[in-house]
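Engineer: Sharing a structure with you now.
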Amino acid sequence: MTLGYTDPLYLLPFDHRHSYLSGMFGWKEPLTPDQLAKVVASKRLIYEGFLLSLDRGVPAAHAGILVDEEFGTEVLRDAKLRGAITALSVESSGSDEFQFEYGDDFAAHIQAFQPSFAKVLVRFNPQGDSELNARQTERLARLSAWCRAQGQKLMFELLMPATPAQLAQAGGDVAAYDLHQRPDLMIEAIATLQAAGIEPDVWKVEGLDRREDCERLVAVAKGDGRTDVSCIVLGRGADDTKVASWLATAASVPGFIGFAVGRTSFWDPVMAFEKGTATREEAAGRIADHFCEWVAIFDSASSKGSQSKGSQP
């Protein structure tokens, strides 16, 4: 299988599990049958918002969903039947250390759905706990090798939480850490993971404030002949203004092909529905509005970036 993916990619992720149960409903597992049904129905609501966005003009060939098997089996199967792009999470939720959701049976669960992408979320700070990083790297290399052998596209969601020392260096200011330290750490992490034999087709990364940092990150992601490997931006639950800024910055850089913005798209609409302050149709409509907005922002910034590049002597 050729490594990489270069088509535009607009994802609505709602594979949140641990944080979704606690934050949206105030629950924790194990769930009662009624609670389980309610969570499944809420994920279906988010999916209804996605489908509505397609009706409103989001390009179906480039749009997709990222959802978990536990609460999204029905959604995954329906999306695949419709020909939508699908991404399936394979990591255990709510853990700081990457573990397979289904242990050694991870491969069978991926094969059961045959998603466009197997997605793994990992907190990996290259200057953090070396033993933790080594354990995670071993599991990730196993997943990557299996995907390569099976012709399964792999999406790697890289989160870069600050170590206490790094945050102290930033004066306790997360925004300062994000601006001045995180970009270099992300680049170091990608290079480290690549050297360990971990080869995603798409890197799903936290937003960067500076265009030059986006360019440097793309350069390492595509380095050593990985010309078709691409990057997308995740939303990190940030407010609309911040997400829009991250999308516009990334979209202007060749190699960033899209985004995956979840909580900022669906959290408030789903919460309003659960509280009874919005109908199901209204909530789905608001989710679609958000998703359409992200596509418009990314497409506009991407087009301007292409025009600017084309106008250079």
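Engineer: In the range 118-138, which residues are buried (at least 19 other Cβ atoms within 10 Å of the Cβ) and in a helix (DSSP H, G or I)?
Structural biologist: Within the range 118-138, ASN133, GLN136, THR137 meet the criteria.
Engineer: Another question about this same structure. Where in the range 176-262 are there strands (runs of 3 or more DSSP E), lying fully within it, with 2 or more residues that are charged (D, E, K, R) and either modelled with pLDDT of 95 or more or surrounded by fewer than 23 Cβ atoms within 10 Å (Cβ to Cβ) (or both)?
Structural biologist: Values: elements: 202-206, 230-234, 256-260.
Here the list reads 202-206.
Engineer: Just for the range 58-79: of the residues that are of a type in the set (A, V, I, L, M) and not in a helix (DSSP H, G or I), which one is nearest to SER93 (Cα to Cα)?
Structural biologist: Within the range 58-79, the subset of a type in the set (A, V, I, L, M) is 58, 60-61, 63, 65-67, 75-76, 79.
Now drop any that are not not in a helix (DSSP H, G or I), which leaves 58, 63, 65-67.
Numbers: VAL58: 29, ALA63: 24, ILE65: 18, LEU66: 14, VAL67: 12 Å.
The selected residue is VAL67.
Engineer: Among the residues of the range 142-158, which ones are surrounded by 18 or more Cβ atoms within 10 Å (Cβ to Cβ) and not in a helix (DSSP H, G or I)? Don't jump to the end; show me each part of the working.
Structural biologist: Let us first name the residues in the range 142-158 that are surrounded by 18 or more Cβ atoms within 10 Å (Cβ to Cβ), namely 143-144, 147, 152-158.
The answer is GLN152, LYS153, LEU154, MET155, PHE156, GLU157, LEU158.
Engineer: Can you name every residue in the range 75-112 that is of a type in the set (Asp, Glu) and either closer than 27 Å to ALA63 by Cα or loosely packed, with under 13 Cβ neighbours inside 10 Å (or both)? Please lay out each step first, then the result.
Structural biologist: Narrowing the range 75-112 to residues of a type in the set (Asp, Glu): 78, 91, 96-97, 101, 104-105.
Residues satisfying the conditions are ASP78, GLU91, ASP96, GLU101, ASP104, ASP105.
Engineer: Kindly indicate the residue of the range 80-94 that is in contact with a helix residue (DSSP H, G or I) (Cβ under 8 Å, 6 or more places away or on another chain) and part of a loop (DSSP other than H, G, I, E, B) and also modelled with the lowest pLDDT among those meeting that condition.
Structural biologist: Taking the candidates together, the pick is GLY94.
Engineer: On to the next question. What's the number of the condition ASP15 fails, among (1) assigned to a loop (DSSP other than H, G, I, E, B); (2) touching a helix residue (DSSP H, G or I) at 6+ places or on another chain (Cβ under 8 Å); (3) more than 23 Å from CYS147 (Cβ to Cβ); (4) not basic (Lys, Arg)?
Structural biologist: Every condition holds for ASP15 apart from (3).
Engineer: Going by the structure shown, is PRO115 at pLDDT 95 or above and surrounded by fewer than 19 Cβ atoms within 10 Å (Cβ to Cβ)?
Structural biologist: Working: at pLDDT 95 or above: yes; surrounded by fewer than 19 Cβ atoms within 10 Å (Cβ to Cβ): no.
Against the criterion (at pLDDT 95 or above and surrounded by fewer than 19 Cβ atoms within 10 Å (Cβ to Cβ)), PRO115 does not qualify.
Engineer: Here is a further query. Filter the range 95-115 down to the residues that are under 16 Å from PHE14 (Cβ atoms) and part of a loop (DSSP other than H, G, I, E, B) and list them by number. Give the steps one after another, and end with the answer.
Structural biologist: Step one: list which residues in the range 95-115 are under 16 Å from PHE14 (Cβ atoms), which gives 101, 113, 115.
Result: GLU101, PRO115.
Engineer: For a quick check of your reading of the model, give me the residue pairs whose first member lies in the range 72-93 and is more than 14 Å from ALA260 (Cβ to Cβ), whose second is acidic (Asp, Glu) and not in a loop (DSSP other than H, G, I, E, B), with beta-carbon atoms closer than 8 Å and at least 6 apart or on different chains.
Structural biologist: What qualifies is LEU76/GLU69.
The values are calculated or read from the model by the stated rules, or taken from the named source; none is laboratory data. Computed from a predicted model, the values in this text were never measured in an experiment. Note that each Cβ is placed from the backbone with ideal geometry, even for glycine, and that neighbours are counted across all protein chains shown.
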